[in-house]
Amino acid sequence: MFKFIGRRVAQSVIVLFVIITVTFFMVRFAPGDPFSAERKMPEHIKQSLMAHYGLDQPLLVQYGRYLGNLLKGDLGPSFTGTRSVNQILAAAFPVSLELGGWALLIALGIGLPVGIVAAVFRNTLADYIPMSMAMVGICLPTFVLGPILALVFGVWLGWFNVSGWFMPLDRVLPATTIGLVYAAVIARITRGGMLEVLSQDFIRTAQAKGVPFPRIIVVHTLKGGLLPVVSFLGPALAGIISGSFVVETIFQIPGMGREFVNSAFNRDYTLVLGTVILYAALITAANLLVDVVQVVLNPRLRFEDS
Amino acid sequence: MAMKVLLNCHFRRLAAIAAAVAAGLLLSGCGAGLPNADQGVEQGVLLFGNGAEPKTLDPQRATGVTENRIISVLIEGLIAYHLTDDNLPEPGVAERWEHNEDASVWTFHLRGDARWSNGDPVTAADFVYSYERMLNPAFPGEYAQMLYIMENAEGYQNGEVADFSRVGVEAVDDKTLRFRLVGPTPYFINMLKHYSWFPVHPPTIEAHGGRFDMSGEWTLPENFVGNGPFTLTEWRPNQYIRVTRSPTYWDRDRMRLNEVYFFPIEDGNTERRMFDSGLLHVTGTVPSNDIPSLRRDKPELINIDDYLGTYFFRLNVTRPPLDNPLVRKALNFAIDRKAIVERVTLGDQKPAHAFVPEGFNDYPNPRVLGYDPGRARAYLAEAGYPGGEGFPSLYLLFNTSEGHRKIAEAVVDMWNRTLGISMQLENKEWKVYLDAQTHLDYDISRSGWIGDYMDPITFLEMFTTGNGNNDTGWSNARYDELIAAAFRSRTQEEHFDHLLEAELILLEELPIVPLYWYTRIRLTDPRVRGWYPKLLDNRPMKHVHLAE
């Protein structure tokens, strides 16, 4: 297993390197630059700014310098802000991680039980009602759900602040917004996975042997039935904890999503790279985790070397 | 039976998870929240919606309205913001001033009790240091051109003048500052309110990387030293900036606010919800869809003030058929500007009958533009396109935004229906749009311009030949002469005469299509006092207070 993980980590480093390279050159080829604005700055001042940040050097030299600094753990200065990319990410990532953690808890806490119940009582009201609601949940984007929650529970009922990230209770609305959307997806995937397992021969055998129904669900079905959820959770996990631009904007949350999107709009090259690197690292890590969990859950899979 | 057990089991699990979530939420996180609007009134804390996250708090590097609003409460220039009228001066660090006969040499007497927030006195030498920093060729002060009005300032920045003592600013003694300007500048006082003229605290700059350091470390709350009514207490990126009444500010006894929170809120709907639930006293904007219902139901909350800015389209005069002034006139007279502001923008914007907005004391705004479909068609026919026949299909470029799209759609519709041509829309992402505009890679392009200081020249200067912000390809020798003459005028009357003649040329040649003059639309808590309509929207926060 360790050999397997070791090899995957080595692959990830190569993947990351490719991503960094592609991103580095792609943002440079986009029209515009970090210093263009509606009111233009004089040309000589722009030149001195470019020189200060080393943007006047040939692209390959800049690339080499960037990689060199990156190896030292320095993501460079932000071109459009006062703080460095390291400082920005250090402040924003923990916020997104926390928000994502709560959202995941809500998503799994609702999605799994609902999906399981729907599968067990398939084609009854306990299936139809939650599944139709899940369909609505999937179709309802966060930019609709978020403002609705803020309006109802914030402005009308006054239970929560409509925005901000200051008090523990400020976590509820944004986490629910993200959580509910993922809960809907998870419920449907869980139901599908469970149904597939429930129709297998070994379940029928277990029933014939007189194994109690709850035991069939918990011991025999869950392990296989949750496999699709696990593979879905890999990329979803990375997305959930790296922040959502929409939800962060609606609820005024100082997370990664806003930095990600705004840095691209601002052509803040170093900040774009910093957020992309972090996001890519998260995705690779999450996928690796999922692969390991899948082998553990699925008796038909083995680590290649064991 | 089995079913029942199973259900119970799941309900228990769900309940357990819900309880865990609730407990976790209550235990995690830190401290209490911020004051709300009611607590703010009790404690003298103003909660202010300020658009976007400021990029910098260094007055010599800043360029935006967002930054200006924060910097101007932290640092005070020679001249401060007047309570009610941006045309008028209010003594700031300077308690009095005089100028020579032709307004080219100005002497300012600094008040004895002006202090930095660390207790140091504010001296004339601090100003000289600041201007040297701003003009140094190694320093990227984006507004350095504002300072070119001083003798030899431009030469110093270009490297032609090596010795800063030859630049037209001099500390006569600790409390006397003298400017020698390139020529008579009757409106110099108005320029001085702009933050590019604000002083910085030399020892603080030197202690944090020196004068050419660009990290901005000195602007962080633990390092910041200013001389304004408030000091920087907290800066939480994407959350808020908190400023507290300065214990060293000379006029502190008259101030009634203890603190101001500036919230960077990019989404107008979020801001509206914050206001509605009592988390803000003043918003930065109002979503345009909300304006009609707010004006009907809550007229006491919505606040619409004229704002010194022009919304206009640029015409690329290097491309046929826009190289023909008749075509440009036709486009100008085919637009019903009144309909645009009344049915599209909805915020009481003023239909533009000229380029320079109304509101400058004594500057006569010419009434040239208007809606005249017959005249527009006649111009187009005269240009060789009767009834729009043979007129090529042009594109109206705008940067991606719902508001700009609505206006562009309405205008294109008016053009197509009135003139019988087929104009089309093209939107581009912000930086791509800027790039296209700079390289004249467009037919017609949406633009806006906000004045920097109270003088029409802040609008008219940009259309001189080769000006970095011209972006139309238009050039007129007489116009250039008049603007140059306006910069050298001895009196206000002479200055305005030159500017008016220049504007009339601009309105005859029309490399632009002015649409309307801006307004600022806000929701304001009725308990906010000391808030007056101001053309530049310069907010003298030291006079603002909150009352039941």
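Values in this text are rule-based calculations from the coordinates and carry no lab data. As the structure is a computational prediction, the values presented were derived from the model and not from experiment. Neighbour counts are summed over all protein chains in view; Cβ atoms, including those assigned to glycine, are modelled from backbone coordinates with ideal geometry.
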Could you tell me the distance between the Cα centroids of the stretch B:143-205 and the stretch B:281-352, to the nearest Å? 37
Relative to chain A, whose Cα atoms define the longest principal axis, helix A:172-198 and its Cα axis are tilted in degrees, nearest 10, by 40
Neighbour-count order for B:His109, B:His495, fewest beta carbons within 10 angstrom listed first: B:His109, B:His495
May I ask for the angle, rounded to the nearest 10°, between helix A:227-241 and the longest principal axis of chain A, with both axes built from Cα atoms and the value confined to 0 to 90°? 30
Which value, in Å³ per residue, describes the convex hull spanned by the Cα atoms of the stretch B:437-548? 147
Across the stretch B:126-206, how large is the tail of the calculated P(r) beyond 22 Å, expressed as a percent of all Cα pairs? 18
Cross-link reach list, lysines versus A:Lys223, counting only Cα pairs under 29 Å and skipping chain neighbours closer than eight places: A:Lys3, A:Lys209, B:Lys4
So for the pair B:Asp305, A:His52, with labels modelled 7 Å out along Cα→Cβ, what separation do we get in nm? 3.2
Taking the alpha-carbon distance from A:Lys46 and a cut-off under 28 Å, which lysines remain once sequence neighbours fewer than 8 residues away in the same chain are dropped? B:Lys55, B:Lys193, B:Lys428, B:Lys431
Alpha-carbon centroid distance for the pair the stretch A:239-266 / the stretch A:37-109, whole angstrom: 14
Enumerate the residues in the stretch B:421-463 having an amide nitrogen under 13 Å from the point lying 7 Å beyond the Cα of B:Arg405 toward its Cβ. B:425-429
With the dipole of chain B worked out from charges on the C-beta (+1 for Lys and Arg, -1 for Asp and Glu) around the Cα centre, which of B:Trp531, B:Gly159, B:His498 lies farthest toward the positive end? B:Trp531
As I understand it, the dipole of the protein assembly as shown uses +1 on the Cβ of Lys and Arg and -1 on the Cβ of Asp and Glu, about the Cα centre. Which of B:Gly384, A:Ala238, B:Leu396 lies farthest toward its positive end? A:Ala238
When the distances between all Cα atoms of the protein assembly as shown are binned every 10 Å from zero, what whole-number percent does each bin get? 2, 11, 18, 22, 20, 13, 8, 4, 2, 1, 0, 0
Can you find, among A:Ala175, A:His220, A:Ala206, the residue farthest towards the positive end of the dipole of the stretch A:140-291? Put +1 on the C-beta of Lys and Arg, -1 on that of Asp and Glu. A:Ala206
I need the trypsin sites (Lys or Arg not before Pro) found in the stretch B:313-378, filtered to DSSP loop residues with at most 14 other beta carbons within 10 Å of theirs. B:Arg367
For the stretch B:60-148, give the magnitude of the charge dipole about the Cα centre (Cβ charges: +1 Lys/Arg, -1 Asp/Glu; no others), in debye to the nearest 20. 320
With +1 on each Lys and Arg Cβ and -1 on each Asp and Glu Cβ, and nothing else charged, work out how big the dipole of the protein assembly as shown is about its Cα centre, in Debye to the nearest 20. 4500
FRET efficiency, 1/(1 + (r/R0)^6) with R0 22 Å, evaluated for B:Gln492 and B:Val105 via beta carbons: 0.80
Once you put a point 7 Å from the Cα of A:Ala285 and another 7 Å from the Cα of B:Lys298, both along the Cβ direction, what distance in nm separates them? 4.3
Given a 10 angstrom Cα cut-off, can you work out which residue in A:Gly115, A:Gly137, A:Gly257 is the most mobile in a GNM of chain A? A:Gly137
DSSP-loop chymotrypsin sites (Phe, Trp or Tyr not before Pro) across the stretch A:114-215, with at most 14 other Cβ within 10 angstrom: A:Trp159
Most mobile of A:Met167, A:Met194, A:Met256 in a GNM of chain A (Cα contacts under 10 Å): A:Met167
Quick query: amide H of B:Ile512 versus all other amide H atoms, modeled in the peptide plane; which residues come in under 5 Å with a sequence gap of 5 or more or a different chain? B:Leu315
If you line up the long axis of helix A:269-297 against the longest principal axis of chain A, both from Cα atoms, how many degrees apart are they, to the nearest 10? 20
Would you kindly compute the Cα radius of gyration of chain B and its largest Cα-Cα separation (Dmax), both in Å? 26.7, 103
What dipole magnitude, in Debye to the nearest 20, does chain B give about its Cα centre under +1 on Lys/Arg Cβ and -1 on Asp/Glu Cβ? 2160
How much length would be gained if the chain were fully extended between B:Asp441 and B:Arg256, taking 0.36 nm per residue of separation minus their Cα-Cα distance, in nm to one decimal? 61.4 nm
Using only helices, what value at 222 nm comes out for the protein assembly as shown when you add -39,500 (n - 2.57) per DSSP H run of length 4 or more and divide by the total residues, to the nearest 500 deg cm²/dmol? -14000 deg cm²/dmol
